[in-house]
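Take a look at the structure set out below.
A short reminder: the numbers here are calculations on the coordinates, not readings from a lab. Values in this document were obtained by computation on a predicted structure and should not be read as measured data. A quick note on method: Cβ atoms are made from the backbone with ideal geometry, for glycine too, and the neighbour counts reach across all protein chains shown.
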Amino acid sequence: MTSRISRTPLLLGASAGACALALTVAGPAVAATAADSEQTGMVSVFHGVPGLTVDVYANGERLLGDFKPGTVTQPQALDAGTYDIQLFKAGQGPDGSPALEKKVEVPEGANATIAAHLSADGKPQLTTFVNDTSTTESGKARLTVRHVAAAPAVDVRAGGQPVFTGLTNPNQDSTVVDAGTVNADVTLAGTDTVAISPADLDLKEGSNNIVYAWGSANDKNLALATQTISGTQSSPTGGMGGTTAAAAAPNSSDAWLAWAAVTGLVTLTGVHLARRYGDRRG
């Protein structure tokens with residue numbers, strides 16, 4: 001679990017200094033369609049469609065400009081309510097036809113990531129994932145893997161041993177492991193054929209370490225990207241450790257159910273694409 005052999009660097013999330021990639025909401029025009037409320041949910045955006053730089057809009061207002069593939073934003077508090085999320089090719093603006101569009105419900109206290117990615121057969125789509133912010137024991141970390149690549153079912157190995165098997169797009173799997181550095185790779189399900197070369201993952205104590213397998217097998221650009229939801233470690237008094245914005249959102253079971261219920265249908269240039277959501281825990 002501590003091997004440091006790495007041949008594929010991880011594509012990390014947006015840095016704090018990358019202001020153009022910070023998920024921001026400005027002005028009342030971007031307010032949720034529900035009644036005005038001070039209650040919020042935490043939302044991040046991951047871009048996993050290769051070769052497509054986009055502008056991201058919510059309810060007609062731009063949230064992100066020149067959003068590049070392999071990037072994930074920091075979590076942002078949004079007012080609870082319904083948002084029409086649209087992705088346009090960079091510079092085309094809201095007057096054109098969106099490359100991707102989906103209505104997303106943001107329940108109070110939710111913590112989620114909206115992922116723009118390819119389906120198993122290579123079609124762009126949007127999927128909403130719930131980010132698990134439940135506490136972990138001292139010395140432990142949560143590892144979550146999300147299959148959002150145009151690729152068949154895969155196995156995920158850590159230190160050469162399978163951790164998740166038969167994972168399909170657009171599903172996720174999660175387990176709690178010892179904190180520390182782990183060398184992970186991705187293979188075609190049931191085989192030793194490596195689809196994504198080994199990379200070192202630094203699993204921080206008391207965090208949910210989310211790994212996205214994205215890209216296209218046919219185009220030979222499969223890669224990994226990471227997102228860390230920190231501050232989920234149990235404190236000696238049983239409270240939440242850490243003070244990050246992601247950890248500040250309540251871990252409400254009602255919010256989890258609401259997010260699971262609203263994943264809905266994806267609209268791709270006017271065509272509905274059914275999606276499935278899976279969350280198997282180790």
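Overall, the anisotropy analysis places the range 66-111 in the oblate class: the square-rooted eigenvalues a ≥ b ≥ c of its C-alpha gyration tensor yield a/c not less than 1.5, with a/b not exceeding b/c. Cβ crowding within 10 Å ranks Val176, Val148, Val211 as Val176, Val211, Val148, fewest other Cβ atoms first. Measuring how big the range 150-238 is from its alpha-carbon positions, Rg and Dmax come out at 14.0, 51 Å. Measuring between their Cα centroids, the range 63-113 and the range 129-156 lie 22 Å from each other. Sorting the Cα pairs of the range 68-143 by distance into bins of 5 Å, from 0 upward, gives 3, 11, 18, 22, 19, 13, 7, 4, 2, 1, 0 percent per bin. Gly41 sits among other residues whose Cβ lies under 10 Å from its own Cβ, and their net charge, with Lys and Arg +1 and Asp and Glu -1, is -3.
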